[in-house]
1. Within the set A:LYS80/A:LYS133; A:LYS89/B:LYS111; A:LYS20/A:LYS153; A:LYS153/B:LYS28; A:LYS135/B:LYS5, which residue pairs have Cα atoms separated by over 29 Å?
2. Aspartates and glutamates near B:LYS147 by alpha-carbon distance under 15 Å, same-chain residues fewer than 8 away left out - which ones?
3. Can you pull the one-decimal nm distance between simple spin-label points at B:THR107 and A:THR107, each 7 Å off the Cα toward Cβ?
4. Sorted from shortest, what are the nm distances separating the label point of B:GLU85 from equivalent points in the other copies, each placed 7 Å from Cα along Cα to C-beta?
5. Going by alpha carbons, how many degrees (0 to 90, nearest 10) lie between the helix axis of B:87-99 and the longest principal axis of chain B?
6. I'd like the distance between the alpha-carbon centres of the range A:97-115 and the range B:93-131, rounded to an integer number of Å.
7. Let me check against my output: what whole-number percent is the relative contact order of the range A:47-174, with C-alpha pairs under 8 Å and at least 6 apart?
8. Can you tell me how the range A:47-174 classifies by the Cα gyration tensor, rounded, prolate or oblate, using a/c under 1.5 as the rounded cut?
There are 2 protein chains.
Amino acid sequence: MVNVKLFEETLNEEKIYQGKFINLVKQKVKLPDGKESTREIVRHPGAVAILAFIDEDTIIMVEQFRKPLDRILLEIPAGKLEKGEDIEKCGRRELEEETGYIAKDFTYLGKIATTPGFTDEYIYFYKAEDLHKGKIGGDEDEFINVKKISLNKVKEMIKSGEIIDGKTLAVFMLM
Amino acid sequence: MVNVKLFEETLNEEKIYQGKFINLVKQKVKLPDGKESTREIVRHPGAVAILAFIDEDTIIMVEQFRKPLDRILLEIPAGKLEKGEDIEKCGRRELEEETGYIAKDFTYLGKIATTPGFTDEYIYFYKAEDLHKGKIGGDEDEFINVKKISLNKVKEMIKSGEIIDGKTLAVFMLM
């Protein structure tokens, strides 16, 4: 299956669900060989995640109950883009809301497609440095434990399977 | 917001959509402070991804049109778990179907939660070594270009933003 043309043309799109955060659509597509197939697509506003350094060896992590998995995960701070929101502004807002910190230096690192088989979600990454405490925030629906953990410990926890959040693994490839 | 209890209790669950690959449910949950909120959850069967070494410096990548993003992505080979399927067996099947290769050595590396804010999808990773050509495969709905790329080149392409697939970044933290 080498060097085939890959493009899939959208023949039609059915709106299945319009939710608070995500929308679900079903597309009929024309495959490269002319046959038809369906694609189930979750439309997501995108998100921003922040690798925030307290000092050069220590980052801020957040512990959160993740209802889809029914368990607590340890992750880098992150949050969804609001409609029309600037990406960097979202990152700064989420960092303060989730951790209470404001960063003087905020540097774009890159982005990932989280799981491109069924969603259009991108996560944009920033590195935050030179932090100081702002006014403590808190989304109404979010209950979060803030942790300061050394980079080496985070990398150990990834290898041991204690940290399994996809974006938290991915960001280290962009440092 | 430190040291709060984090658990969210499910009060009820409404089935929104049962699809070919994914299901969508909406849950009413009780937050740690007793208030109620809703969670939109995409249930996914999970997937297996393979870091397959042609030699010690070269891996197999696949180029695929990803309809949710309407673009081609370069990724490590991967595929969804079928109902009741053994995880390793799925990985071996997907490697052969997508690339034509069978591995003598197949080693479990770990797993990620791809995007735990809205889906229960896990991706399980394997390292495949000592490869030989099997009978060439091909899922009916998949059109794929197989590429052999050096590890250094893959890491460069991640840093430059040419590779943005989340699982492909994540797997290198588990090597």
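1. Flagged as over cut-off: A:LYS89/B:LYS111; A:LYS20/A:LYS153; A:LYS153/B:LYS28.
2. Within reach: B:ASP55, B:ASP57, B:GLU63, B:GLU75, B:GLU96, B:GLU97, B:GLU98, B:GLU162.
3. 3.3
4. So the label point of B:GLU85 gives 3.7 nm to the other copies.
5. Result, in degrees: 50.
6. Distance between centres, Cα-based: 28 Å.
7. 33
8. rounded
Here, each number is a calculation from the coordinates, and none is a lab measurement. None of these values were measured; they are calculated from a predicted model. Cβ sites come from the backbone with ideal geometry, for glycine too, and all protein chains shown count toward neighbours.
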